Each structure stands twice: as structure tokens, then as C-alpha cells.
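Contents: one structure, followed by commentary.
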Amino acid sequence: MAKSINIFQPNIGPEALENLQQVFDSNWLGRGPKVKEFEERLSRFIGCSQHSLHTVSCATDSIFQILKVLNRIVGTGTVIVPSISFPAVGSAVLEAGFNLQICDVDACSGQIDLSKLKTLMTAQRDVVAVFSTHYGGSAVDTTELRQIVGEKVYVLEDSACALGSQDMSGVSVGLEADFSCWSFDAMKLLVCGEGAAVHIPNDELLALFKEQCYLGLPMKQKSGMDQSTDTKRWWEYDLNSTGVRSVFTDINAAIGLSQLPLLQKKLERRAEIRQLFVQHIDNLTGLQYLSNMNVTRSSNYFFTVVSEKRDALAHFLKENGIYTTFRYYPLSEVSLFRDYIYEECHVAKTISDTFLNLPIHDALTDDELLYICSKLTEFSKC
């Protein structure tokens, strides 16, 4: 095969150009009417109220800002995160002034190990929040997690890869937490160039988060540049706290609006690809794959194979034009976070040596899929 097969690839149609032209013609490029329309339509897809959903510049920023908000609410304390997490989660905990504790993960899913979480909760009496990552489209059992941590501990979820996943009750993954975020970067199911949406069901927490993401301006107070206010000096303002400017723009929303009608087909195509991989790998020796856990529908953001010869497999596929990756390298193996481990994360280390994510994006052609399968077969016979 002449061309390379990318691990991720955005699949954006011509509708995006039409939407972008509307934005350019409107002369409103920042947060405006397209963002409002995007949030309304996205909330319908997810199944939440538009009021509880808010868009920001990126998922990483949302994680940093929600933890800073929690620091304002509870002060100091411990935040527990799974070892298999995006590195920004660990960094955000430390930057917000919390004590970080890293928990090992489940060998069958790559998600936080709830039995080990229970041990950590007993050992750490000052836990204020637990972060869980919905790995690759599977889901953590949030109901069980809440039973373990209790009512006073905030449940925060990284759902960046789980847009479209539904739990065992048919509810969108992420809606049962106190905070959850979905990413719209160029590698995700819904591509906006950049950006993210957060779901925060508590009104007070949501208001503080919005303030944090817009310079610390009180939500009841308009920006100092808004001439539509009734005040005589509309340029004056006050601040409740420090903050950042984390803005999702009409440019991002225009791209996203072109993608929203295609989401169902994208999910169906990824499910087809997964099924083809499963049927093929079931007949191979030396290769296994992760099952989708705790979901009735999965985003199938990753298709993860498991091999004792993972490194050799990755290099073999790369030599044949097939690009793969492993997400996410364990926090427990990163020097910055080594001092924040209660118990060694042996499962996370094993996962980092045996898991490999194959291409599963909806831009893959049938010929490319058959080619990938043929190379998996070839490797299994080595």
C-alpha cells in the first residue's frame, strides 16, 4: 500500500466551509450566536440541559480550571487520579495546590481500579475529589465509584474520548459526575479544530467555573466592553477571583455544527470497524483486544490490542505504513509524579508494555482495513 494509514484523521465535509463563510460574513469571530447554536444542539445529542453545558477553549484547560475552582471551595486536600490518564490531569491537580495520589488501574479496561480506590480512600482521610478517565470509549461505573467515595467527595471525569458512549442505563457517559469534559480537537470524534464542552449539573459550581474561565468576572456582570448593559459606565467591572480567558469561538462552533449531523453515522462506522477487527483477531494467536466495558454504546475512540510483543508489533506495522500509538503513558512512570504513588502501579506498567491502539477513525476505507488485518495476520505468524 503506497500511502500511510494514520492513527487519527479528521473527516470534515464541505458543509464546514459554508458555515465558516457565514461566520466570516457576520464579522463576529469570537463567542457568539454559532456557539449558542452549537451548545443547544450538542446538549440534545448528549441528553442534558443546555444550561448545564458550557464550551471552552480545550479539555485540558477545563481540567485545570475546575480544579482551581475546587481549591477556592474546599481549600487543600487530596485528589485521586488513575495512573492511565492524560498527563494534564496530574499537572492540574498539583498546580491547583492539591495533594496528588495516583491509583492503579484495572487490567481488563485500563480504567481506575475501584477496589484499589477503596484502599486509597481509607488511607487518605482528606480526599476532596476523585478523577476518573473513561478510557477509549468504555466507562467507569460511576454509581459504584460514588458509593466508594461518599457524598462529600467531588467526582470529576475525563470524558474526552467518550462522546457518544452510553452507560448501562443508556445515559451519556459523563452526565453522572459533578464535572465532565468532552474534547473537540483534531483527533476526536467531533472535530472543531480545538475546543471542549463541560457538563456541570450544580448551578453554583457551574457559575464559579464560568467566572474562572472568563477572567474572574462575576457571571451576573457583563464584560466591561458590553454596551448593551443599563449602566452608564459599561466599561467598568469588578473581579471575584483571578481567572483565565478560555473561549470557544464561532469559528470552532461553525466547524462543529457541520459535524454534529454526522455523529451517528461516525459512531456506526466505528462500530463496524471494531467488529471487523474483533472477528479477525479472534482467529489469530498472540493477540487479544480490550472489550468495551460498562456501556451499551461506545464511541470506540480506541481499538486496543494486547500483545506481549507490543513494541515489535508497533514497529512492524509502522514499517508497513500503519501508524499506531499507546494512550496514555502511566503517570506513575513519569518522573514529575513519582512522589505521588501510594502503592506501585504494577497493572499500569504492564498495560504500558502490552497495549497498542490501532487506527479506527471513520475515514478508513474497507481496503485499508483489510490491509491492516492482513498485516496483523502476517505478524501473528512470525
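Each value in this text was obtained by applying a stated rule to the coordinates, not by laboratory testing. Note that the coordinates shown come from a computational prediction; the quantities given were computed from them, not determined experimentally. Please note: Cβ atoms are built from the backbone with ideal geometry, for glycine as well, and neighbour counts cover all protein chains shown.
Quick notes
- Dipole axis of the chain (+1 Lys, Arg; -1 Asp, Glu on Cβ), positive-most option in PHE179, PHE355, THR133: PHE179
- Cross-link partners of LYS116 among aspartates and glutamates, defined as those whose alpha carbon lies under 20 angstrom from its own and excluding same-chain residues fewer than eight positions apart: ASP104, ASP106, ASP126, ASP141, GLU144, GLU151, GLU157, ASP158, GLU333, ASP339, GLU343, GLU344.
- With q set to 0.11, 0.13, 0.18, 0.19 Å⁻¹, the log10 of I(q)/I(0) for segment 263-380, from the Debye formula over equal scatterers at the Cα positions, is -0.41, -0.57, -0.97, -1.05.
- Label separation (GLU319 vs ALA186): 2.9 nm, computed from points 7 Å beyond Cα along the C-beta direction.
- Charge dipole (debye, nearest 20) of segment 1-107; +1 at Cβ of Lys and Arg, -1 at Cβ of Asp and Glu: 160
- For segment 163-180 versus segment 1-28, the gap between their alpha-carbon centres in whole angstrom: 28
- Placed amide H near VAL247: partners under 5 Å, 5+ positions off or other chain: SER57
- Computed from backbone phi with θ = phi - 60° and the Karplus coefficients 6.51, -1.76 and 1.60, the 3J(HN,Hα) list for segment 277-293 is 4, 4, 4, 6, 5, 4, 9, 10, 9, x, 10, 10, 8, 6, 7, 6, 10 Hz; x is used for glycine and proline.
- Each residue, ILE148 and ARG125, gets one label point 7 Å from its Cα in the Cβ direction; the gap between the two is 2.2 nm.
- For segment 340-382, the Rg and Dmax computed from alpha carbons only, in angstrom: 16.2, 47
- Restraint check, LYS188/LYS266; LYS3/LYS188; LYS36/LYS232, Cα-Cα greater than 19 Å: LYS3/LYS188; LYS36/LYS232
- Computed from Cα atoms, the angle from the helix 15-26 axis to the main principal axis of the chain rounds to 20 degrees.
- Inter-centroid distance (Cα atoms) of segment 113-160 relative to segment 251-328, Å: 26
- Compared with the dominant Cα axis of the chain, that is its longest principal axis, helix 310-319 is turned about 90°.
- Two-decimal log10 I(q)/I(0) for segment 110-226, as the Debye equation yields it once each C-alpha is a single scatterer, q = 0.13, 0.15, 0.24 Å⁻¹: -0.60, -0.77, -1.32
- Computed magnitude of the charge dipole of segment 156-198 (debye, nearest 20; Cβ of K, R +1, Cβ of D, E -1): 180
- ASP367/ILE12 FRET efficiency (R0 25 Å; Cβ-Cβ; nearest 0.05): 0.70
- Crossing angle, helix 366-380 versus the chain [Cα axis fit, 0-90 degrees, rounded to tens]: 50
- Cβ-based charge dipole, the chain, positive-most Cα from GLN166, LEU100, CYS213: CYS213
- Each residue of segment 323-340 is assigned a 3J(HN,Hα), and the resulting list reads 8, 10, 7, 10, 10, 10, 4, x, 4, 5, 9, 8, 4, 4, 10, 5, 7, 10 Hz, derived from the Karplus form 6.51 cos²θ - 1.76 cosθ + 1.60 (θ = phi - 60°), x at Gly and Pro.
- Per residue, the convex hull volume that the Cα atoms of segment 1-158 enclose (Å³): 176
- For the chain, a crude dipole built from +1 on the beta carbon of Lys and Arg and -1 on the beta carbon of Asp and Glu, taken about the Cα centre, is about 220 debye to the nearest 20.
- With all pairs of different C-alpha atoms in the average, the Kirkwood value for the hydrodynamic radius of the chain is 21.9 Å.
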